[in-house]
Every structure is written in structure tokens, then in C-alpha cells.
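Written below as C-alpha cells is the structure these notes are about.
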Amino acid sequence: MKKEINFILNGEKVNLEVAPGEILLEVLRDKLGVKSPKCGCNKGDCGTCTVMLNGKTVRSCLVLAIEVNDQEVVTLEGIMHSGLTPLQESFLKHNSFQCGFCAPGMILSATELLGKNPKPEKREIQEAIAGNLCRCTGYSPVIDAIIDLTN
Amino acid sequence: MEESKYVGKSTVRIDGKAKISGAAKFIEDIDFGADLLYAEVVESKFAHAIINSIDTSEAEKFPGVVKVVTGKEFPYRFGLYMHDRYIFAQDRVRFVGEQIAAVIARTPAAARKAAKLVKVDYTELPNVLNVEDALKKDTFLLHPELGNYQHVPWFFPKPDTNISHLRKVRKGDAEKAFKEADFVFEDTYTVPRYAHCAIEVHGTIGLFDNSERLTVWTASQSPYTQRHLFAEALSPLGLTHKDVRVITPFVGGGFGGKAGVSMEIIGAALATTVKGRPVKVLWSRAQEFYNTYQRQGLTCRIKVGVNKDGKIIAMDNTLYWDAGAYVEYGANVVNAAGLSASGPYNIPNVKIDSYCVYTNLPPGGPYRGFGYSEFLFGLESHMNEIAKNINIDPVQFRRINAIREGDILNYGGKMNPNGLIEAIDKVAEAIDWGKKEYSDDPNKAIGKGIALFWKAPAMPPNASSSAFLKFNEDASLNIMISGMEIGQGLLTVMAQIAAEVLSVPPEKIRVETPDTDRNPYEWQTVASHVTWGCGRAVERAAIDAREQIFDLIERALGKERSSLYLQDECVKSKKDIEFSLPLKDFIINGIMKEDGTYRGGPIIGRGMFMPEFSSALSDPETSQGGKPNVHYTVGASAIKIEIDRQTGKMTIPKAVLAIDVGRALNPNLIKGQITGGLLQGIATVLYEDMRYSDKGKLLNASFSDYKIPTAMDIPAEVVSIIIETPQPDGPSGARGMGEHTMIPAAPMIANAVEDALGIRIKSMPVTAEKIALSMINENIKADIINS
Ligand code: FES
Ligand code: FES
């Protein structure tokens, strides 16, 4: 039994039919063509599927699409309405990403942190991105970029 | 060093914006339209069994299923260095998870459900799950056909055994030297298997269209090698190289795991069975763990003869590699490591035997470091033990024996210019070597460890790279290569190299990921060789374009050719300082003569590089004679740990790594390799290892059970030290350095643990649990002695 859902995606109203078991990550990627959230594990371990649900990061591989009915979803695409954010610029400057596969999720986690706490300590930064696995960078270029921005 | 404008600068990644904006397309981000089919693989339940029959009838009837394919359709052996595997298992399976058949369906769910309906009837065979069993006299043979397998000339399989290759090195006379040595130290060290854990899984989409051309999109480090193997393996279907096209978008991490051909062959083969429709094979995270290449396990028995003055005079290193069910790639790891298993030391008498052993575990293969991480764990641990026993400081001991330019290598060649001594001294200084430190917490001890490293690219002697370079109207450039951007920053560095020659800034240069129809040949992006090899090809393509520009200026404007040079995107002349002609004024449309005719036309450069001095032919009994390695990159690394005496838990206040990169083409990208590689190495010591059941099933095939480090697990401080002793044949003097940053991690931590607590852990990983247990044992021993 398909169900109609309505939600705000990156500032735009969307309306579509989904089956009750459909996962938000798949709906975003395959039905709505929003490709920045990636699938690294499909079971909540890696953080590449991170999106914001009502301003808070969630792992979209663990969220059912029907759960976002009447809610607001923001992906990396949605934070760049006026170009790259200062945080992204800082990431660019610090060579924060290598393959870039973890970047969309990592950027959203860091964005959420800075929204709550504009001057985080190093430890708080580490905690905020601890759910986003990165195999390439050793994390310190990511942390350095965030620290640099807050100074 | 010559003044350079673009090379040597920390140019911001030219692919950075694509990656941080989500614009970068990875394999799964490409749309293939509504007729895309999905394949699910039927996997072996057993580590070793005969397949009696496969019943696909139920699966075929399942709604949405288009086709079920088994090994019957593809009875061809293939492989990279040795043809020892099939696309789908034929009459026998050799590891748990091996592909037996595939179900192609209209939805992933239908494919998944139907795959469960395929019935395979097996007869179990004895499992051979470790090297020891595999080498027993009455062992069961995994590959009775070994003697008939096609392989490269530098492999020496032993038919009627499980030894698929034996690399022997004999330099000087080790036996005699051991007799003469003041001391001989012998020990055994073991290393388990590891997983690459790129965050992106493997995926492949194949399309065999109605014109009978095969296009395969892959997440790969090796588009050309894949094209070659697809064409070769599928040649019985009438496919030739020109009919096969491989397209590789951005790759979400490789580390060797996406080199060669693993699951991609399945997508390529399946496509030929559903003509006209694209078919996708996507690995799950679990499959990523158990059915791609794994880092091989190693048992190494090392014996070293040393004199009182600290000079090593003999080494005997026997390496037994748990290479898994198929060794078409892994045997070359065994080979490369075997050639170099004496480490970065000048040792006159060396004996090495490196055994590639078949086991009923998943196929081993390339992993960042290509065997060097594995043997360095034993070697560099052992070096510390020797130093301790003969009462020489471990740093001093390494200085005494460190290899220097011109020293004779294991196969008879000479060591390239290098700054190993400088690296040792610099890391020792940075870690405050010799200064004993104490923790504020009495329950904790502080220890320091050092390890040296070296590594040569392991590649066939004729591994080559090529590049095309074309100008656009505004004098911006496109460079076409088939080296892969796998995160290391290759695209950026290639742009910098061309920028330097052509005076066009890197921001005006576009370098994209390969498509074998458009981009010229590259062997593979492995072995830390692309900065060097592909870099040389790009440099030559840029020089080719520059020479064409000078030819044209001479021909059309009569300027003296030898006085011309490029600067700020203009052609200038040393003889005529007024003359300055912007490239964009002629680079496509040529130069107009007085009569209105034009000279010139679009400038296109081409370059190629093959290390013509390299050779893999040598005496199989000694390895003397050839020149298998093009050069070694060397360095040193040191670490400071703080460790809890009871729990064995440790933190890392500081890690230092010095590496001789020849010339740092982009220092920021090099630092990225150091911070990333070091953590990947540290993880193999502290957190990771692959665990198998006694039936050969991988027990920890997920990120919840195979823990890779998070941002919480990093060293508090990482110091990167770049040393530049130019590589004479490298682009601007550069050599590769990507893999090297992870390989000293294991022994330096083991050495630091020994320094802190006095216990020597001889098997990886060096977990808190293992340390705590050893401490208990030590205390019991001490109690017995004291009582
Ligand atoms: S894909 Fe969602 S956490 Fe890994
Ligand atoms: S940059 Fe590759 S996973 Fe983070």
C-alpha cells in the first residue's frame, strides 16, 4: 500500500507516493535525484547518508520515507543556495577531503555543530563528526578547517 | 633547485569544489534510466566444496527475474598476473562468499529474493584455512591444475603443492656470514588479514548494446587493466579491445582494493547476457569485506646476524603469505615484498624466501603498502630487539645500517639517491628521542618507538602512462590521462606539472577521470607510481605542445626559435623583449599572415612514459640480474604513546613521519597523505583485524564489528616532515609517497609499547587486551622469580 507524503526538501515542497518500507536515503537519491547523501553501509554505521531533519542531522539510511511527512529535510544541496558556505571554503583551503565520499555527510555534521556552538573546542568537534567515517584524511585536516573558521 | 611557479606550491585541489559541493559523481550517482536491471550474486556457503549441481528453476520463475546466469556460460579462466580464477565458480568453490551464479531482475528486491531460491548442491572438501595446514605434506590441493595456469614470467609456481609462487633472493653468502657473526637473533612475527574499508563500496554497471559494444562503468583504480581483462576474459564471445569501453567516475577511496579486477568482471560478463539493457552489480558493505581483495596474512621467520659494532652482516627472512583462494593479483604482492624484505638496510648477505600460499579464505590482493606493512612489522620490531640485546640505541643501530645511495640492492642494482639518514635524524629530534618521559598519572607509562620504511613501486617493467593535452580558445587546457583520482590529488598535481611547462595557471586546467575511449593508456593507479610515471607523461605532453608553439612562432613570425620561452600565458623572446604574444591569440585559430592566410591550428600535445631501464628477468634461484624496481622511496617515523599499565589502553600524544618525496610537488597534498596514511596504519595495530570462524567464514564483515577509526581516535599531534632528495628521472625530481605513510605504523607502536612496558608483542594487532594479558603474564613470571 503506497502512501502519499508531503515534505519540504531543500526549501521546496515535494509530494510523492512511497511504500511504507521505503528508506529516506533511497527516496532522496533514486526518486528525487538528490545525490549528495551517499550509501556507505546502509545500516547506520558510516554517516555518509547524513541529512538534516528539522535542523538535526540524521542517518537517512535509518529513516523511513513516511516518517518525514510534514517535516523539513535539508541535504548538502540545500545549504548552498548562495554558493559555497564559509565552512566549505575553509574545507577547500585545508585540503580537508581526499576522495570526497564522506564530504557531504561530514559537512552537514559540522554545519550542525557550528549552528549550535560557534566556538567549539577541538574535543567537541571530534565528537560532532565522530559518526562520519572517513578512511582517507585521518580527520585532522577536517578538524583544522573547522577550528580555522571559528578563529 | 630551479625557481618554479606552480610546481612545489600547495595549489588548492582542482577537484575540490566538485567534492565539497556534492557535484562529484561517484558510480552510484550516475542514472541509467528505467530499463536498468539489477543483479544479485549467489554465494558459496562453504570454504571448500565441489559443486554437484545448480538448480535455477525456482529463481527463474520468480516475478521480475529476467535471467539467471551460472558459471556454465563463462568457462574461461582469467586473472591479472596468473590465470587462476573464473568469473563464476565452475565445479569447485574455494572460499565462503565466492560467486557461483547471479540473478538478474528488474528490481534489486526481486534479484535478492530470487537469488535465495537458487539451489546449489555441494560436496564439502577439507578446508585449508591457514598456511601451516596448506604446507603440510598430505594437505589437500586447492588448485590441482596449478601447473597449467598461465602466468607472468617472474612467477614460479610449484605444481602439486599449494605454493603458487616462491620468490627467492640470495645475495652474498648468508649461511657463511651467520657463522661469522658475533650474534644471531631469530624470531617469528605474525600479521592477520585486513580490509581496505574505502567508504564507497564496489559497484559496476555493464551495458552490452545492440551494436555489440560493451561499456562498463566501474568504481576502479585501473580502467585500462579492466578493459584489457574484460576483453581478454570475454574474447570467446568475439569481443576485442576496441569494443570494450570502461568509464570510471570519481572513486570513493581505493587503497588498492579497487585495483585490478575483482567483482567488476561480474558486471561486464552479465551485461553480455542481457543485450541492450544496462545491468548493475553493487556490493553490500558485507560483500565489500568478504568478496574483494583482502590484505594477506603473514607469518615471518626472521634471523639476523650482527657484529658487536652493530653492523648487520646477514639476514634470513622467510615469509609465508596466506594468499587466499586465488592469487592472480596477490602473488605479485608476495613477489614484491620478497624482493625487498630486508628493509632499508645495507646488508651484504641476504637470503629471502617469500611463499605465496593458497588457502580457503577470500583472495588476497593489493592493499596500500603492497606487502611492505606486513614484513616491516616483524623486521622493524626485530631491529629494536637486536639493538636492545647488543646494547645499542635503536636509532643509532638504524643509522649504522641504513641503506645509502649506491649501496647494492638485493637483486644487484644500486640504491637511488635518498635522504634516509636525514629522515632518521629529523624524526628522532621531533620526538625528543633519548629523553625519557613520565606520565602525570602513575598508572600510565610513556613510550617512544621508531621505525624506518622503504617501498618501491611494484609494477611490470613495461608499465606505462600516457597523456593528451589540448588547448581551448582562451588558452585554458584539458588534460586527458587514465591515472585515477582516488583522493590523493592526482588531477591537481598533473595540472601543476603542465602549468609549469606551459605557463598556464592550474585554475585554467581541467583534468577529469578516465574513459578508455577518450583518454590514453595508463597501466593502473597503484604502487604510488602515478605522480612519477603519469607525471612524466604529462610533462612530456606539455613539452610536446610547447615545442609545437615555438615551431609555429618561428614559422609564422620568423622569430628565432631558440630564444623563445613561455611566461604568463604568452610566448616571449629573449632576443626581442617587446615581443609578447598571448597564447589565446593563436592557440586554436592560428596566426594570420599579411596575405590573410593563416598558419597553425589547434595545439595538441602528447606524451608517454615507460621505464625502459626496468626488467623483471632474473635468476629464479637468486633474483640476481634484473632491475625489477624503478626506485625506492624511504623515510622514518616515530611515535609517542601513553599507555595504561593495567588495561593496556593507549593514547597517542604525538606521531612524526619524515619521507623523502624527491620533490614535493604539492606540500599540502603530501601532508594529507601523511595524516591519512598514518591513521590507516595505526588502525591496523590498535583496532582492526579480520576474524574467521573455523569454517572459514568472516565473522566481522561490518563497520560495527570491524572498527575503523573515527575522529575520536586520532593522534593528538601529527608532525609531517618532507625531505627532498631529487629522483633523477621523476617529474621535477618527484617520486611517489602515497602508500608509504601507513607502513611504519605497526612496528613503531609495538616498539613504543616495549619501550613503555618492557613487553614485546609479536603478533598484530597490538590491542589493549593483548597488552594487558602480556602484562599479567610478565607479572606472574616476575612473582615466580621473586618468590
Ligand atoms: S549509509 Fe547510512 S550510516 Fe552508512
Ligand atoms: S575523503 Fe575519502 S572517505 Fe573521507
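The values are calculated or read from the model by the stated rules, or taken from the named source; none is laboratory data. Just so we're clear, the structure is a prediction, and the values are computed from it rather than from any experiment. We place every Cβ from the backbone using ideal geometry, glycine too, and count neighbours over all the protein chains shown. Surface accessibility is based on the protein's heavy atoms, side chains included, excluding ligands, DNA and RNA. Shrake-Rupley method; radii C 1.70, N 1.55, O 1.52, S 1.80 Å.
If you check A:Thr57 against the conditions, is it within 9 Å of chain B (Cβ to nearest Cβ), in contact (Cβ under 8 Å) with a residue 24 or more places away in the chain and within 16 Å of ligand 1 (Cβ to nearest atom)?
Taking the combined requirement at face value, the residue does not satisfy it.
Could you pull out the residue among B:Tyr38, B:Tyr86, B:Tyr76, B:Tyr81 that is away from ligand 1 (no atom under 16 Å from the Cβ) and modelled with pLDDT under 95?
After ruling out the rest, the residue left standing is B:Tyr76.
With the requirement that a residue be open to solvent by 10 Å² or more (accessible area, probe 1.4 Å), among the small types (Gly, Ala, Ser) and within 7 Å of chain B (Cβ to nearest Cβ), what does segment A:110-139 give you?
A:Ala130
If I ask for residues that are within 14 Å of ligand 1 (Cβ to nearest atom) and either among the hydroxyl-bearing types (Ser, Thr, Tyr) or closer than 25 Å to A:Ser82 by Cβ (or both), which ones from segment A:8-48 would you list?
A:Leu28, A:Arg29, A:Lys35, A:Ser36, A:Pro37, A:Lys38, A:Thr48
Step by step: first the residues of segment A:40-53, then only those that are more than 13 Å from ligand 2 (Cβ to nearest atom) and either surrounded by fewer than 24 Cβ atoms within 10 Å (Cβ to Cβ) or touching a residue at least 60 places away in the same chain (Cβ under 8 Å) (or both), then the one that is nearest to the other protein chains (Cβ to nearest Cβ). Which residue is that?
A:Asp45
Quick one: which helices (runs of 4 or more DSSP H) lie wholly within segment B:217-310 and hold at least 1 residues that are polar (S, T, N, Q) and at pLDDT 95 or above?
Result: B:223-233, B:285-290.
For every residue, the table says whether it meets (1) in the same structural domain as B:Lys258 (by TED's automatic domain parsing); (2) surrounded by fewer than 24 Cβ atoms within 10 Å (Cβ to Cβ); (3) not charged (D, E, K, R).
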| position | (1), (2), (3) |
| --- | --- |
| B:Gly487 | no, no, yes |
| B:Ala498 | no, no, yes |
| B:Ser503 | no, yes, yes |
| B:Val511 | no, no, yes |
| B:Asp515 | no, yes, no |
| B:Arg518 | no, yes, no |
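Please determine whether any residue of segment A:100-108 is more than 7 Å from chain B (Cβ to nearest Cβ) and away from ligand 1 (no atom under 16 Å from the Cβ).
no
Could you tell me whether segment B:689-704 includes any residue that is without any contact (Cβ under 8 Å) to a residue 24 or more places away in the chain and within 14 Å of chain A (Cβ to nearest Cβ)?
Yes, that holds for at least one residue.
Report every pair of residues separated by at least 6 positions or lying on different chains whose Cβ atoms are under 6 Å apart, first residue within segment A:124-137 and assigned by TED's automatic domain parsing to the domain that holds A:Leu113 and more than 8 Å from ligand 2 (Cβ to nearest atom), second in a loop (DSSP other than H, G, I, E, B) and of a type in the set (Val, Ile, Thr).
Cβ pairs passing all conditions: A:Ala130/B:Thr710.
Going by what's in this entry, would A:Glu22 be described as open to solvent by 40 Å² or more (accessible area, probe 1.4 Å), more than 9 Å from every other protein chain (Cβ to nearest Cβ) and more than 16 Å from ligand 2 (Cβ to nearest atom)?
no
Residues to consider are B:Asn391, B:Asn416, B:Asn410; find the one that is among the polar types (S, T, N, Q), surrounded by fewer than 17 Cβ atoms within 10 Å (Cβ to Cβ) and in a loop (DSSP other than H, G, I, E, B).
B:Asn391
Of B:Gly662, B:Gly676, which residue is under 20 Å from the mean Cα position of the chain (by Cα), open to solvent by less than 10 Å² (accessible area, probe 1.4 Å) and more than 19 Å from B:Glu724 (Cα to Cα)?
That would be B:Gly676, the only listed residue that is under 20 Å from the mean Cα position of the chain (by Cα), open to solvent by less than 10 Å² (accessible area, probe 1.4 Å) and more than 19 Å from B:Glu724 (Cα to Cα).
From the list A:Val142, A:Val68, which residue is more than 16 Å from ligand 2 (Cβ to nearest atom), open to solvent by less than 10 Å² (accessible area, probe 1.4 Å) and on the phi < 0 side of the Ramachandran plot?
Checking each option against the conditions leaves just A:Val68.
So which residues in segment B:371-383 are among the hydrophobic types (A, V, I, L, M, F, W, C) and either modelled with pLDDT under 95 or in contact with a Lys or Arg (Cβ under 7 Å, 6 or more places away or on another chain) (or both)?
Listed by number, the list holds a single entry, B:Met383.
Take the residues in segment A:30-39 that are basic (Lys, Arg) and touching a residue at least 12 places away in the same chain (Cβ under 8 Å); name whichever of them is nearest to ligand 2 (Cβ to nearest atom).
Applying the filter and picking the extreme gives A:Lys38.
Considering segment B:579-596 alone, what residues qualify as being in a loop (DSSP other than H, G, I, E, B) and either open to solvent by 60 Å² or more (accessible area, probe 1.4 Å) or without any contact (Cβ under 8 Å) to a residue 40 or more places away in the chain (or both)?
If the condition is that a residue be in a loop (DSSP other than H, G, I, E, B) and either open to solvent by 60 Å² or more (accessible area, probe 1.4 Å) or without any contact (Cβ under 8 Å) to a residue 40 or more places away in the chain (or both), then B:Phe579, B:Phe586, B:Asn589, B:Gly590, B:Lys593, B:Glu594, B:Asp595, B:Gly596 are the ones that fit.
Across segment B:15-42, which residue is nearest to B:Leu491 (Cα to Cα) among those that are more than 8 Å from chain A (Cβ to nearest Cβ) and within 16 Å of ligand 2 (Cβ to nearest atom)?
Ranking the qualifying residues of segment B:15-42, first place goes to B:Ala23.
Could you tell me whether any residue of segment B:720-734 is within 14 Å of another protein chain (Cβ to nearest Cβ) and open to solvent by 20 Å² or more (accessible area, probe 1.4 Å)?
yes
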